[in-house]
Amino acid sequence: MSDNDLIALVIALLMGVHLAIGLSLWVVLGLGSLAMIAAVGTYSISIIGEVPFSSMDNWALLAMPLFILTGDIISTGRIARQLVRLGDALVGWITGGLGMATIWSCFFISGTSGSNSADTAAIGRIMVPSMVEKGYSRSYAAALAASGGCLGIIVPPSLIFIVYGVVTSTSVGDLFLGGVLPGVLMAVCMCIANYFVCKYSNWGARDSKAFSFREVLGAAWDARYGLGAPAVILGGIYSGWFTPTEAAAVAVAYCLIVEMFLTRGVGLRDLPRLLVRSGCVTGIIAPVIAFSILFGEVLAVLRLPERVASYLLTLPGGFVTAILMILVILLIIGCFLETMAAIIILMPILLPVATSLKFDPVHFGVFVMCSLTIGFITPPVGINLFAASAVSGVPYLSIASRTWPLLIALVVATLMVAFVPWFSIWFK
């Protein structure tokens with residue numbers, strides 16, 4: 001081990017300690033980068049100001065605050081309830097159907113909001129009381145809402161896909177398309193897991209009802225505005241009418257018009273609160289992105305990504321072993337780091353590995369997203385667990401203990417995405 005490697009290791013350990021004691025991630029990344037630059041002496045100290053500023057001067061990142069605002073509008077208005085009714089009409093007649101309706105409601109709302117925690121909170125407020133009334137355990141009902149919310153960063157438009165595209169120079173539009181089928185696959189796997197849980201625990205046995213095609217049509221018509229949002233957003237992107245960033249602005253305008261003038265779920269008095277809330281979230285995320293790109297450049301100079309890639313490629317089993325190793329790394333990191341931070345920190349290391357393994361960039365991006373989204377329901381971070389706890393009143397750990405069947409389903413779906421590229425590059 002060289003002197004530079006030893007210095008980098010010590011600094012990395014100190015960064016981990018500072019994260020553990022609660023120091024803000026962007027501060028840890030900035031100070032860690034500064035320490036490595038000063039200790040190694042490869043870079044000029046001036047890049048501490050240059051790289052973060054230039055990294056934020058990016059047209060694609062303008063979509064971030066706009067999609068955050070879209071999610072806030074939807075969670076406040078009536079679109080979420082209309083999509084819940086559609087999900088219930090489609091699968092409510094199956095054993096455990098109300099739980100499946102929760103999952104599919106999260107899927108539908110993900111096509112508009114692009115945010116996992118917003119989906120969990122919006123759907124959880126509506127569905128958890130209904131599931132409890134029908135015989136579900138309150139903790140399991142909350143676990144379903146938290147797990148369904150994982151689809152928020154897989155189903156397009158996804159805020160995290162935008163960040164991934166910026167960090168890795170991958171087409172955001174292709175990533176959006178690549179997330180469609182994996183999102184469906186993850187929802188189906190969770191519904192299967194929910195079916196068996198309800199069948200053998202007798203939860204949800206009383207929510208079975210006869211299927212009604214007329215009810216489905218009525219619910220679909222009622223949810224037409226919610227279903228129209230992803231159609232407008234994705235249709236506009238792939239028809240060439242606007243870019244993914246412009247699509248975010250269209251999404252805000254569409255949802256505001258619908259909620260203010262058609263469903264009347266949002267009024268003028270709600271706008272200042274929504275703008276402030278979205279602005280606060282954006283203010284937290286933006287510096288993390290800026291300083292993580294700086295940290296990635298420092299790691300590249302130290303050639304750490306290249307050495308990790310070389311090590312994984314020499315493991316017995318080749319491609320299969322490397323994929324499983326990457327999955328394990330992402331699952332572990334997802335337990336401790338927020339998804340956006342994990343992408344920004346890990347991609348400079350893992351992307352060269354993917355390139356060496358001949359991964360398609362879009363396929364690898366979708367695989368990474370599917371792996372990291374599981375972290376939303378795994379302690380100690382588990383953002384969706386906190387959101388579900390807030391709306392259900394169930395303790396965080398009680399919800400976490402009920403998520404394991406759904407967690408296994410998500411891992412199975414992720415492995416299918418990893419080893420069957422067609423799911424994520426079907427459009428190529």
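FYI, it's all coordinate maths here, none of it is from the lab. Values in this document were obtained by computation on a predicted structure and should not be read as measured data. Every residue, glycine among them, receives a Cβ derived from its backbone with ideal geometry; neighbour counts consider all protein chains shown.
Descriptive notes on the structure:
- Listed residues PRO230, PRO379, PRO182, most fluctuating in the chain (Gaussian network, C-alpha, under 10 Å): PRO379
- When LYS199, LYS134, LYS358 are arranged by Cβ crowding within 10 Å, least crowded first, meaning fewest neighbours, the order is LYS358, LYS199, LYS134.
- Dipole of the chain, positive direction: furthest Cα of VAL276, GLY240, TRP104, with charges on the beta-carbon: TRP104
- Computed magnitude of the charge dipole of the chain (debye, nearest 20; Cβ of K, R +1, Cβ of D, E -1): 1260 debye
- Zone of VAL328's modelled label, taken as backbone nitrogen in the range 383-423 under 16 Å from a point 7 Å along Cα→Cβ: 415
- If you plug the beta carbon distance of MET56 and LEU217 into 1/(1 + (r/R0)^6) with R0 = 60 Å, you get a FRET efficiency near 0.80.
- Net charge dipole, the range 98-247: roughly 500 debye, given to the nearest 20, about the Cα centre with Cβ charges of +1 for Lys and Arg and -1 for Asp and Glu.
- Gain in span if fully extended, GLU297 to VAL420, counting 0.36 nm per residue against the direct Cα distance: 41.1 nm
- The C-alpha atoms of the chain define a longest principal axis, and helix 159-168 lies at about 20 degrees to it.
- Rounded to the nearest 10 degrees, the inclination of helix 138-148 to the longest alpha-carbon principal axis of the chain is 60 degrees.
- Rounded to the nearest 500, the helix-only mean residue ellipticity at 222 nm of the chain stands at -24500 deg cm²/dmol, with each DSSP H run of n ≥ 4 adding -39,500 (n - 2.57).
- Amide N proximity, the range 398-428 versus VAL188 label position 7 Å along Cα-to-Cβ, cut-off under 19 Å: 406-428
- Ranked by how many other Cβ atoms sit within 10 Å of their own Cβ, fewest first, the residues CYS280, CYS370, CYS189, CYS335 fall in the order CYS280, CYS335, CYS189, CYS370.
- Furthest towards positive pole of dipole, TRP221, GLY165, PRO352, structure part the chain, Cβ charges: TRP221
- Fewest-first ranking of PHE107, PHE53, PHE376, using other Cβ atoms within 10 Å as the exposure measure: PHE53, PHE107, PHE376
- Here the gap between SER169 and THR314, fully extended at 0.36 nm per residue and compared with their Cα-Cα distance, gives a gain of 49.5 nm.
- For the range 329-428: Kirkwood Rh in Å [reciprocal of mean 1/r, alpha carbons]: 14.5 Å
- Helix axis angle, 271-301 relative to the chain longest principal axis, alpha carbon, degrees: 30 degrees
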